[in-house]
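What follows is a set of notes on a single structure, which appears directly below.
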Amino acid sequence: MPSSSRVFFQSSRVLVSTFQNIKGTFDILPDAYTDDGGTRIASSAEWHHVESVIRDVMARFNLEEIRTPIFEPTALIARGVGQLTDIVSKEMFAFERGDTQYVLRPEVTAPVMRAYLQHHLEQRGGVQKLFYIGPCFRAEQPQKGRYRQFHQFGSELLGTDDPRADAETIALMMAVYRALGIQNMELRLNTLGSAGTRDSYRTALRDYLAPYADELSDTSRRRLERNPLRILDTKRAHEQKILQEAPRILDFVSDDARAHYATVKTYLDDLDVSYTEDPFLVRGLDYYTHTTFELTSDALGAQSALAGGGRYDLLAEEVGSPRPVPAIGFAAGMERLFLALDAAGIDLPGAAAPDVFIAALGDAAERWVFSTVQDLRAAGLHVALDLKGRSLKAQMKEANRQNAPYTLIIGGNELADEAAQVKEMASGEQVEVAFDKLTDYLLARTGNAA
Ligand code: AMP
């Protein structure tokens with residue numbers, strides 16, 4: 001929508017509120033705007049467009065949507081992600097009612113696994129191929145591209161350990177970005193091996209890093225005890241140097257797991273998906289095994305991760321399943337996707353303009369217009385009208401602002417003649433249409449006819 005709505009607000013008395021949205025959250029408005037940090041926040045129409053492209057790609061890959069609650073018992077998330085991993089210690093939004101502790105979900109994989117087990121989705125047969133889009137919450141320090149309430153979309157393929165599921169997940173993730181026109185991304189790939197690999201590697205890494213403890217940052221020193229694999233993510237040059245000689249997880253991976261990884265790579269090669277192998281890509285969560293991947297874009301600055309994911313064959317048992325459920329998924333940030341679209345200069349379609357704006361002059365016309373508008377809408381037209389009793393001039397200004405291709409002005413004469421003057425705004429052409437032909441005429445002219 002044009003920015004004239006802002007001009008309109010400025011010219012009248014500006015309203016204010018004592019309240020502001022919470023830091024690290026943002027409002028999605030009918031118009032795009034720039035927030036205090038200089039980030040463009042896309043309009044609700046742009047969000048819809050991106051979501052519909054995501055849904056379309058998901059459908060083409062034969063995935064079905066799952067929606068889980070925004071909050072879950074803390075135990076699901078804390079157990080699911082491992083007590084000591086960063087996602088929990090970085091604090092989630094938690095609250096208590098009665099004896100139960102809840103958290104706002106920081107991610108959707110554990111909730112999806114809960115729902116899969118709870119509703120026995122395995123009984124539907126075959127592989128469950130699910131996707132989601134929705135808000136997630138993390139109590140992080142907000143910065144560009146990093147929010148406390150953000151939105152993730154992602155997929156979960158549950159009930160298969162076939163390496164094709166890994167390759168298909170990566171292909172699906174890439175297809176979403178490709179469908180939106182984003183290029184120049186880097187896909188990094190690694191394997192974490194099977195269940196025991198992570199434990200032996202953790203010990204080896206801790207042993208290797210222990211003599212360097214004094215040289216590590218406070219954060220890394222803390223991680224050395226709790227979760228040394230996270231140190232591999234470090235952005236600090238001197239730590240990266242220390243890590244150069246560190247043991248590599250691939251040296252701890254079994255032959256079977258190596259074969260799985262090799263097959264995934266073969267399928268990606270067949271699909272011409274290019275990737276870089278990164279032996280330090282381990283992801284924060286303990287339930288990951290085998291394939292792990294991350295998609296980044298240089299265009300995003302410090303928060304360069306667009307999406308990430310991997311195989312999580314150990315999660316089901318962590319949340320109480322009597323047997324393993326092999327599964328793989330990815331999760332992607334919507335806000336980062338919008339940053340990438342901005343950086344690439346990709347324009348998205350805005351809101352659809354109304355098909356027709358109907359201005360009324362006088363009380364009798366207002367009454368007629370009010371009920372006629374409902375009939376036109378029931379017939380499928382997108383119709384706008386004034387709900388403020390404004391002057392004809394103000395109504396016509398509003399019709400222009402809303403970019404309606406057709407406008408009608410209904411006054412006493414039109415009511416008497418039972419015919420409306422329909423103006424096509426682009427050409428300025430005006431034709432008289434009898435009231436009883438109005439619906440069909442407008443449907444035909446606006447391309448809404450059945
Ligand atoms: P993760 O589960 O941490 O790998 O997150 C998956 C994706 O979600 C990341 O690659 C980001 O694109 C996005 N993401 C994670 N945390 C945030 C956040 N605090 N704000 C915005 N996007 C985020």
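Tabulated data
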| read-out | value |
| --- | --- |
| The range 46-68 - residue that is in contact with a Leu (Cβ under 6 Å, 6 or more places away or on another chain) and assigned to a helix (DSSP H, G or I) and, of those, surrounded by the most Cβ atoms within 10 Å (Cβ to Cβ) | Glu46 |
| Contacts under 9 angstrom Cβ, first residue in the range 299-321 being without any contact (Cβ under 8 Å) to a residue 24 or more places away in the chain, partner within 13 Å of the ligand (Cβ to nearest atom) and among the charged types (D, E, K, R), 6 or more apart | Ser304/Glu186; Ser304/Arg336 |
| Residue list for the range 184-225, restricted to those being outside any helix (DSSP H, G or I) and surrounded by 15 or more Cβ atoms within 10 Å (Cβ to Cβ) | Met185, Glu186, Leu187, Arg188, Leu189, Asn190, Thr191, Leu192, Gly193, Ser194, Leu216 |
| Subset tally (residues that are out of contact with any strand residue (DSSP E or B) (no Cβ under 8 Å at 6 or more places or on another chain) and within 17 Å of Ser304 (Cβ to Cβ)) for the range 158-181 | 0 |
| Residue ID - nearest to the ligand (Cβ to nearest atom), chosen from residues in the range 121-132 that are more than 13 Å from Glu156 (Cβ to Cβ) and outside any helix (DSSP H, G or I) | Gly126 |
| Counted residues, the range 226-243 - those being surrounded by fewer than 17 Cβ atoms within 10 Å (Cβ to Cβ) and part of a loop (DSSP other than H, G, I, E, B) | 2 |
| Test: Gln149 is surrounded by 15 or more Cβ atoms within 10 Å (Cβ to Cβ) and within 13 Å of the ligand (Cβ to nearest atom) | yes |
| Total residues in the range 287-321, condition within 24 Å of the chain's Cα centre (by Cα) and either more than 15 Å from the ligand (Cβ to nearest atom) or of a type in the set (D, E, K, R) (or both) | 3 |
| Cross-chain or 6+ apart pairs with Cβ under 9 Å, the range 405-432 first and at positive phi and part of a loop (DSSP other than H, G, I, E, B), then surrounded by fewer than 16 Cβ atoms within 10 Å (Cβ to Cβ) and not acidic (Asp, Glu) | Glu418/Ala434; Glu418/Phe435 |
| Those residues of the range 374-392 which are farther than 17 Å from Asn403 by Cα and in contact (Cβ under 8 Å) with a residue 40 or more places away in the chain, in sequence order | Asp375, Leu376, Ala379, Gly380 |
| Members of the range 4-30 that are under 25 Å from Leu180 (Cα atoms) and either modelled with pLDDT under 95 or among the β-branched types (Val, Ile, Thr) (or both) | Thr25, Ile28 |
| Scope the range 162-179; condition over 15 Å from the mean Cα position of the chain (by Cα) and either hydrophobic (A, V, I, L, M, F, W, C) or outside any helix (DSSP H, G or I) (or both); matching residues | Asp162, Ala165, Ala167, Ile170, Ala171 |
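The values are calculated or read from the model by the stated rules, or taken from the named source; none is laboratory data. These numbers were taken from a predicted model, which means no experiment stands behind them. All Cβ positions, even for glycine, are placed from backbone atoms using ideal geometry, and neighbour counts span all protein chains on display.
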